[in-house]
Amino acid sequence: MLAGWKRRISTFCISLFCVAGFLQGATGGKIAGRVTHGESGEPLVGVNIMVVNESLGAASDDEGYYTILNVPPGTYEIMATSIGFKTARIQNIQVNSDMTRTVDIQLEPTVLQGEEVVVVAQQPLVRSDLTSSKSTVTEEDLETMPVESSSAILSTQAGVTQGSDGALHIRGGRSSEVVYMIDGIPVNASLGQSISTNIISELTLISGTF
C-alpha cells in the first residue's frame with residue numbers, strides 16, 4: 001500500500017518538474033537599449049521602436065532608454081521612427097529566453113519638406129445667411145454712368161422702378177416703404193432722390209428687408 005503511494009508521489013513530482021521546465025522554456029527575453037542623436041549624441045525622447053511583423057514595441061523615455069518586454073526567443077528586426085529623423089532598421093537581433101539583448105540606436109536627422117498648399121476662398125453664389133440683397137455703386141462706377149442724381153442711379157438697379165410721379169418703388173413695394181440715409185442718418189425722400197452725383201462717393205442699395 002505504501003509502495004503504491006510512493007510511486008504516485010514520485011510520478012506527481014516528475015510531472016511538476018516537467019511542467020516547470022516547460023514554463024521556464026517558454027519565458028521570453030527583452031530587447032533594450034538607448035536611442036541617441038546621430039550627430040550630437042544627445043538622448044532622443046519619444047522615439048517609437050517596433051519589432052517588425054510583431055505586435056511588440058516601446059517608446060524611449062526622457063533619457064532615451066527603451067525596453068521591449070516578453071519577446072519570444074528568435075531572430076528579429078526592429079524599426080525606430082521619429083519625426084524629423086530618418087527611419088532606422090536593425091536586423092538579425094537574436095533574442096534568448098530570460099536574457100536581455102542590448103541594441104543601441106542612432107537616428108540621423110532629416111529635412112522635412114512640405115508641399116505648398118494654396119487655399120482660395122470663394123463666396124457662394126447664393127448667400128443663405130443674408131435676408132436681403134445688397135448692391136453698391138462706387139465713385140469709379142459713377143464716372144462711367146450717364147446720370148446726374150441719386151434717383152437716376154437707383155433706377156438703374158435691379159428691382160427698382162420709378163413711377164410717373166418720380167417716386168421709386170423697390171421690388172414692387174410702396175414708395176413710402178423706402179428709407180433714404182446719408183452717412184447713416186435718415187433723410188426724407190425728396191432729399192434722398194435729389195443728391196447730385198458729384199458729391200456721392202458710394203451708393204448702396206439694400207432691398208428685401210421688409
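A short reminder: the numbers here are calculations on the coordinates, not readings from a lab. In this text the structure is predicted, and so the values were computed from the model without any measurement. Reconstructed Cβ throughout: ideal geometry from the backbone, glycine too, with neighbour counts over all protein chains shown.
So the values come out like this:
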read-out: Distance between modelled label sites at Y65 and M181, nm, 7 Å Cα→Cβ extension; value: 7.2
read-out: Total formal charge among the other residues, if their Cβ is under 15 angstrom from that of G159, Lys/Arg +1 and Asp/Glu -1; value: +2
read-out: Positive-end extreme of charge dipole, segment 133-207 - chosen from S196, V137, Q157 (charges on Cβ); value: Q157
